[in-house]
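Remarks on the structure that follows.
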Amino acid sequence: MPPSLSVSALSKSYVVQGIRTQALSDVSLSVDPGALSLISGPSGCGKSTLLSLMSGLSRPDRGAVHALGIGLGTLDDAARDAFRLAHCGFVFQGFNLFPALDACEQVQLVLDYQGVPDGEARRRAREALELVGLGRRSHLRPAELSGGEKQRVAIARAIVKQPRLLFADEPTSALDSVNGAVVTTLLRDIAHRSGAIVVCVSHDPRLIARADRVIEMEDGRLLRDSRDPCSPRRLETSR
Amino acid sequence: MAVALARKSLLHDWRRFLPAIMSVGFSGVLIIVQGALLLGIVGSNALPVTQSRADLWIGFPGTQSADLGRSIDAGVSAELLVDPRIRRIEPLLMGAGDWRGSRGGGVSVTLIGIDARPDALGLARSVPPAVRALLEEPATILVDDGDLDKLATAIGEAAEINGHRVRVVGTMQGMRAMGGVNIVASLATARTLDRSLAAPDSVTYYLAGLWASDQARAVRARLSKPDTRSRFEIWTAADLAGRSVRYWLLESGAGIGFVFATAIALLVGTLITSQTLMAAVAASTPQYATLRAIGVAFPKLRLIVVEQAGWVGAIGLALGLTGSLLAAGLARLNGIPFALGPGIMALSGALVLAVALLAGVLALRRLRHADPAALLR
Ligand SMILES: Nc1ncnc2c1ncn2[C@@H]1O[C@H](COP(=O)(O)OP(=O)(O)O)[C@@H](O)[C@H]1O
Ligand SMILES: [Mg+2]
């Protein structure tokens, strides 16, 4: 059975110092496996909030999230932790690598927490690094890696457990265009090859151009939903 | 081996953790050095006991500290020797004197009279048989090596105690008292030097040696009956030494001072260590939040911080113990009483580790900032 992810009638608001911000209003959406789905839109429109609800990092005020056949709203905190540990990978804008660990250890750490035996964990970590093209740099620490390499280590860390759900929040916005393109292609290839659900939040045109589906948001609502935006004309306009 | 995140971060960021390690180490040194000095100083009041080889001490009922002994009736020895487990009984006298050296200068001294026979128990650890034999000659005395300067004398020189002429025939080790000076003579010489010891039917203590030392408590139990308790009291050597130390710890107020200074050392250690660990947690907040995002449970993150606290404590303690051993070496070179025993080391080790772990627990609060949703802004 292919992985599934859908949200229905999601709403979320934040209250800061007595002022309520409606971050998300009545969003319904279903995401396909094996494709890179991109959520884009202006800053503050609720993209990250949607990602955080879809991935079970936080709870909606109203609405439901169904991931891999499980209603995340029905799970308590510990069960959501366990769900994420088993199924979810994350890539963030900041690379968030431990300065003390080399690339291989950063990746292996995830498997340690899953209880994977040491030898197997190290082998799989190397494989994940090969996959992102860092097989020869697995012994280096973050201080010795470029920004693009660091984000690729972070991607290796996200995919090493072969998650069925992969979430990325602005993964290219700290990178130059060449590295941004590499990371984008990598995310799409992972989606195509592994059949996982890959949801990416970005307003980066390079990413938009390579996505299989672009979901545009505005003001906490879905605005447009376009599949296969990779037509040449579309590429032209996004430049 | 799984990735040792706590340990690797500590090694990688050792500069960050150094203040905590140093403060734990210094707390340890402070506690140990203070405690050892205090026990050394206070323990010098128990020197007559700890430097002797007697199993049991018999003295005036209710004596609080070995140096505060009062005279008991010499007839007691006959009652004691009834017990076949007792191998030998010998008197020990304690009095006071006013010392005048040949080069001038007056000092009050404590006068200890011991049995001068080679196999005697009194001060057997400080006065070996060869030196002890020198006391057989009347009006001869021994002084501690470390007191020669204070008394302005040397081996072979003459002096006066309470107006009686004496001659220093040798020195001993380990009898240096804080504040006072211990002078050792034979029983007969002591009786002539201090008039309060002159009466031959009284002694300050009887020292009993048993055939089997492990019988000490049993013999004491048998000999201390209600009708004897008004005339004498029996202690094991460890009892009397412990009682002397406790008495002076409380009486001098030094014990309170130690507790107070230790509390301050622990407080400062806890503050510095917890601040350091908090800063370390804060610096790693995004990384911890990422681990939370991929589903690593909160208690596992706590374990990382607590493990770091444990390492800080362990390394700090190792430094502290090393420093204390150095201090002990210095003290020994300078003849300063420094009682660095396993007790004080275990105490400070436990306190210092507790400090580190408490600091770790305090730093755990910072982990609450490791909220994965905060990475999505
Ligand atoms: N934890 C939070 N506390 C308060 N307000 C928040 C929080 N997270 C997001 N918001 C607000 O919700 C709105 C949507 O935020 P976000 O989902 O981060 O937007 P985007 O990722 O599209 O830039 C913004 O107005 C933001 O200020
Ligand atoms: Mg955002």
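The values are calculated or read from the model by the stated rules, or taken from the named source; none is laboratory data. The structure presented is a predicted model; accordingly, all values stated were derived computationally and were not measured. All Cβ positions, glycine included, derive from the backbone under ideal geometry; neighbour counts span all protein chains shown. SASA here: full protein model, heavy atoms, side chains in, ligands and nucleic acids out. Shrake-Rupley method; radii C 1.70, N 1.55, O 1.52, S 1.80 Å.
Some values worked out for this structure:
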item: Filter result for A:Val91 (away from ligand 2 (no atom under 16 Å from the Cβ) and either over 25 Å from A:Gln162 (Cβ atoms) or touching a residue at least 12 places away in the same chain (Cβ under 8 Å) (or both)); result: no
item: Matching residues in the stretch B:334-371 - criterion: being in a helix (DSSP H, G or I) and within 16 Å of ligand 1 (Cβ to nearest atom); result: B:Arg368, B:His369
item: Unique match (being small (Gly, Ala, Ser), within 16 Å of ligand 1 (Cβ to nearest atom) and touching a residue at least 60 places away in the same chain (Cβ under 8 Å)) among B:Ala331, B:Ala374, B:Ala327; result: B:Ala374
item: Residues of the stretch A:79-106 satisfying the condition of being more than 17 Å from the chain's Cα centre (by Cα) and at the interface with another protein chain (Cβ under 7 Å from one of its Cβ atoms); result: A:Ala82, A:Phe98, A:Pro99, A:Ala100, A:Leu101, A:Glu105
item: Selection status of A:Leu36, of a type outside the set (Gly, Ala, Ser), in contact with a Ser or Thr (Cβ under 9 Å, 6 or more places away or on another chain) and more than 16 Å from ligand 1 (Cβ to nearest atom); result: yes
item: Top-ranked residue of the stretch A:60-78 - restricted to ones that are within 14 Å of chain B (Cβ to nearest Cβ) and small (Gly, Ala, Ser), ranked as least open to solvent (accessible area, probe 1.4 Å); result: A:Ala67
item: Residue that is nearest to ligand 1 (Cβ to nearest atom) [pool: residues in the stretch A:39-52 that are open to solvent by less than 20 Å² (accessible area, probe 1.4 Å) and more than 21 Å from B:Ala293 (Cβ to Cβ)]; result: A:Cys45
item: Failed criterion for A:Asp219 (all others in (1) among the acidic types (Asp, Glu); (2) within 16 Å of ligand 2 (Cβ to nearest atom); (3) crowded, with 19+ Cβ neighbours inside 10 Å hold); result: (3)
item: Pairs, first away from chain B (no Cβ under 14 Å) in the stretch A:200-217, second away from ligand 1 (no atom under 16 Å from the Cβ) and of a type in the set (S, T, N, Q), C-beta under 6 Å, six or more apart; result: A:Pro205/A:Ser238; A:Arg206/A:Thr184; A:Leu207/A:Thr184; A:Ile208/A:Ser238; A:Ala209/A:Ser238; A:Arg210/A:Thr184; A:Val214/A:Ser226
item: Residue in the stretch A:56-64 that is within 15 Å of ligand 2 (Cβ to nearest atom) and of a type in the set (Ser, Thr, Tyr) present; result: yes
item: Checklist (1) touching a His at 6+ places or on another chain (Cβ under 8 Å); (2) more than 7 Å from chain B (Cβ to nearest Cβ) applied to A:Ala128, failing item; result: (1)
item: Index of the failed condition, A:Leu5 passing every other in (1) aliphatic (A, V, I, L, M); (2) more than 16 Å from ligand 1 (Cβ to nearest atom); (3) under 25 Å from A:Asp112 (Cβ atoms); (4) modelled with pLDDT of 95 or more; result: (3)
item: Unique match (being open to solvent by 30 Å² or more (accessible area, probe 1.4 Å), closer than 25 Å to B:Leu362 by Cα and acidic (Asp, Glu)) among B:Glu307, B:Glu251; result: B:Glu307
item: Near pairs, Cβ below 9 angstrom, 6+ apart or cross-chain, from the stretch A:31-59 (away from every other protein chain (no Cβ under 14 Å)) to any residue that is assigned to a loop (DSSP other than H, G, I, E, B) and among the basic types (Lys, Arg); result: A:Pro33/A:Arg164
item: Test for B:Leu80: is it touching a strand residue (DSSP E or B) at 6+ places or on another chain (Cβ under 9 Å), under 22 Å from B:Ala218 (Cα atoms) and surrounded by fewer than 19 Cβ atoms within 10 Å (Cβ to Cβ); result: yes
item: Subset tally (residues that are free of Cβ contacts under 8 Å to residues at least 40 places away in the same chain and polar (S, T, N, Q)) for the stretch B:182-228; result: 1
item: Residue count, the stretch A:13-30 (criterion: within 15 Å of ligand 1 (Cβ to nearest atom) and free of Cβ contacts under 8 Å to residues at least 60 places away in the same chain); result: 9
item: The stretch A:189-204: number of residues that are buried (at least 20 other Cβ atoms within 10 Å of the Cβ) and part of a helix (DSSP H, G or I); result: 2
item: Residue match in the stretch A:148-160 (condition: away from chain B (no Cβ under 13 Å), surrounded by fewer than 22 Cβ atoms within 10 Å (Cβ to Cβ) and in a loop (DSSP other than H, G, I, E, B)); result: no
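Residues are listed down the side, and each one gets a yes or a no for (1) away from every other protein chain (no Cβ under 14 Å); (2) surrounded by fewer than 23 Cβ atoms within 10 Å (Cβ to Cβ); (3) among the hydrophobic types (A, V, I, L, M, F, W, C); (4) under 31 Å from the mean Cα position of the chain (by Cα):
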residue: B:Lys8; (1), (2), (3), (4): no, yes, no, no
residue: B:Leu11; (1), (2), (3), (4): no, yes, yes, no
residue: B:Arg16; (1), (2), (3), (4): no, yes, no, no
residue: B:Met22; (1), (2), (3), (4): yes, yes, yes, yes
residue: B:Phe26; (1), (2), (3), (4): yes, yes, yes, yes
residue: B:Gln34; (1), (2), (3), (4): yes, yes, no, yes
